[in-house]
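Before I ask anything, here is the structure I am working with.
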Amino acid sequence: MFRGGLKWLVKRALVMILSVGMLAATACGDAREVEEGSNIEAFTIRVGAWFIDDREFMKQFQANTEQAYKKLYPHATIQWEITLGNAYFGKLETQLASNSAPDVIFHQQVVSMIEAGYLSDLSSEPWAFRFIPQIQQFLTYNSDKDEFKIYDGKVYAASMGVGIRGYWYNKTLFEQLGLKAPKNMQELLEICARLKKDGYLPLAAGHKDRWSLVMHFETLLQSVGYGADLSYGVGLTEGRNRLDGDEVASTMQFFETLYEREYLNRNALSIDWMQSLELFTSQQAAMIMQGPWLPGTVESKISSDAERFELGFFPISDENGYYDLEFVSDQYVSVNAASKLQEESKALIGAMLSDDAYLPFARENGLLPAIEGLRPSFGNPVMEEVFRYAEQAETNQRWTSFISTESHNLLLEEAQNILMGVPFERENLVPAQKKLEEKLAVLKQLKQ
């Protein structure tokens, strides 16, 4: 288990403000200088992604990457093949299976793609072992299966940054009402009561998008679980902690309180996250639980100064004020193992990780750099607020990594039922615990 990761990052960041040239030389390996007369052949290199849309900072990321790459390959053309949203992943799967995928691919499934043989080994790249510890631990492949031992200890992807999930709130409204960011679950409920009394929807939720509910539930239990036991995840596998135990039960009860007292919109399961964002940006709702993309998305939705308000952030805490700010990294980039442009593709990832491309991308996306020792100059004050919370945070391995998929799905079904008005009963958690025990029994037999 990795603990104290973001504290470590902050300490390193405060003493290591790297210059432009230093990052290019040490973190991203732009040491492939173009010699006179070299790299003169023209070629087209393809990049596949799902998130590079028409927002200005995304266009700037493309331009910055192209400019950095031109220093290495002056006559290269980068062909950006963008398929927005979930449709990209199905398309990528088909392309990989037919050896027609782009040379450089953005994705979210590092382990499964390594094991499928789709990714090139990037371990020799200068940046490959420069990530913050928790991300490095994930990116450095490790398996207990003999068939995959050939991949052990190697790196096959780079992370474009880490984000933090939590509650974002209308700080302007809070100040008008004399409210301050809550420090624990009880204070949050008290603020919700005050907001409702004054005619505001306390919390906007758009859980028609299932991932939004998953994120809210997982993040809350991350703090509640590890607040009760700093080895909560391991405890689930050892029987010391249970999915029908106090931690999961109190998490479900918190959701039930939000629903019963109408602290979140009753149609939470009927609207998507963008509709919940509209409740927030129109100032009908005072808070919203979302990921690191929230500040940039709010900014793009507000079109006039009259609609503008100051944004604030606070983490999801347990009843004692403990919070676990887990790292969230969902934009990984790799080289397609079937590409005929292996060295050129590796160099392109290096260009993406160069200071001119990487730091603005992280900043505008609301991300903290995944490369150790870096701290961007945030354009939005709320990100400095996020960073201050991060200085005091613990970071533990996600509790979901210790349980079975079946158990996870059963817990989410229960949370969904609560938001449909079905009363919570603790015995409803027993099936999830039984599925976990079945998984653990199978794993035990395999080890014998």
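The values are calculated or read from the model by the stated rules, or taken from the named source; none is laboratory data. Just so it is clear, the structure is predicted and the values come from calculations on it, not from any experiment. When we count neighbours, we look across all protein chains shown, and the Cβ atoms used for this are built from the backbone with ideal geometry, even at glycine. These area figures cover heavy atoms from the full protein model, side chains too; ligands, DNA and RNA do not enter into them. Shrake-Rupley method; radii C 1.70, N 1.55, O 1.52, S 1.80 Å.
Calculated from DSSP H runs of 4 or more alone, at -39500 (n - 2.57) each and per residue, what is the 222 nm mean residue ellipticity of the chain, nearest 500?
That comes out to -13500 deg cm²/dmol.
For the range 364-441 and the range 63-84, what is the separation of their C-alpha centers, rounded to whole Å?
If we compute the Cα centre of each part, the gap is 35 Å.
Using just the alpha carbons, could you tell me how many Å³ per residue the convex hull of the range 159-218 encloses? Could the numbers behind the result be given before it?
On the way: hull volume 7.6 nm³, N = 60.
Each residue corresponds to 126 Å³ of Cα convex hull volume.
Additional query: Dipole size in debye (nearest 20) for the range 335-448 around its Cα centre, Lys and Arg Cβ +1, Asp and Glu Cβ -1? It would help to have the intermediate numbers written out before the result.
Values: 12 positive and 17 negative charges, 96 e Å.
So the magnitude is around 460 debye.
Let me ask something else. Give the Cα extents of the range 166-274 along the principal axes, in whole Å, largest first.
Reported extents, whole Å, longest axis first: 48, 30, 21.
Tell me, what HN-Hα J-couplings in whole Hz come from the Karplus equation 6.51 cos²θ - 1.76 cosθ + 1.60 at θ = phi - 60° for each residue of the range 347-361, using x for Gly and Pro?
5, 5, 5, x, 5, 5, 8, 5, 4, 5, 9, 6, 5, x, 4
³J(HN,Hα) across the range 188-204 via Karplus (A = 6.51, B = -1.76, C = 1.60, θ = phi - 60°), whole Hz, x for Gly/Pro?
4, 5, 5, 5, 4, 4, 5, 4, 5, 4, 8, x, 10, 6, x, 9, 8
Further question: If you take the Cα atoms of the chain, find Rg, then find the Kirkwood Rh from the mean of 1/r over all pairs, what is Rg/Rh? Write out the running numbers ahead of the final one.
Working: Rg = 22.8 Å, Rh = 23.4 Å.
Computed over Cα atoms, the ratio is 0.98.
Here's another thing I want to ask about it. Arrange the residues 75, 408, 107 by how much accessible surface each exposes, largest first, with a 1.4 angstrom probe.
Working: 75 95, 408 30, 107 0 Å².
So, going from the largest accessible area down, we get 75, 408, 107.
So what is the diffusion coefficient of the range 71-186 in µm² per second by Stokes-Einstein at 37 °C and 0.692 mPa s, using a Kirkwood Rh over Cα pairs?
181
What is the percent carbon and sulfur in the accessible area of the chain, measuring with a 1.4 Å probe over the protein chains and ignoring ligands? List each step's numbers first, then the result.
On the way: 9430 of 19750 Å².
The value for the chain is 48 percent carbon and sulfur by accessible area.
Something else now. What would the Debye equation give as log₁₀ I(q)/I(0) for the range 231-295 at q = 0.14, 0.27 Å⁻¹, counting only Cα atoms as equal point scatterers?
-0.62, -1.13
Please list, in order, the residues from the range 199-240 whose amide nitrogen is less than 16 Å from a point placed 7 Å along the Cα→Cβ vector of residue 444.
Only 235-240 pass the distance filter.
Rounded to a whole number of µm²/s, how large is the Stokes-Einstein D of the range 34-119 at 10 °C and 1.306 mPa s, given Rh as the Kirkwood radius over C-alpha pairs?
Values: Rh = 14.4 Å.
So the translational diffusion coefficient is about 110 µm²/s.
On to the next question. From largest accessible area down, sort 399, 80; use a 1.4 Å probe on the protein chains. Mind showing how you got there, number by number?
Values: 399 0, 80 45 Å².
So the residues, ranked largest to smallest area, are 80, 399.
If you place +1 on the Cβ of every Lys and Arg, -1 on the Cβ of every Asp and Glu, and leave all else neutral, what size is the dipole of the chain about its Cα centre, to the nearest 20 Debye? Could the numbers behind the result be given before it?
Numbers: 42 positive and 61 negative charges, 70 e Å.
Using only the charged Cβ atoms, the result is roughly 340 debye.
Which value does Rg/Rh take for the range 288-427 over its C-alpha atoms, Rh per Kirkwood?
Details: Rg = 19.8 Å, Rh = 18.9 Å.
Using Cα coordinates only, the ratio equals 1.05.
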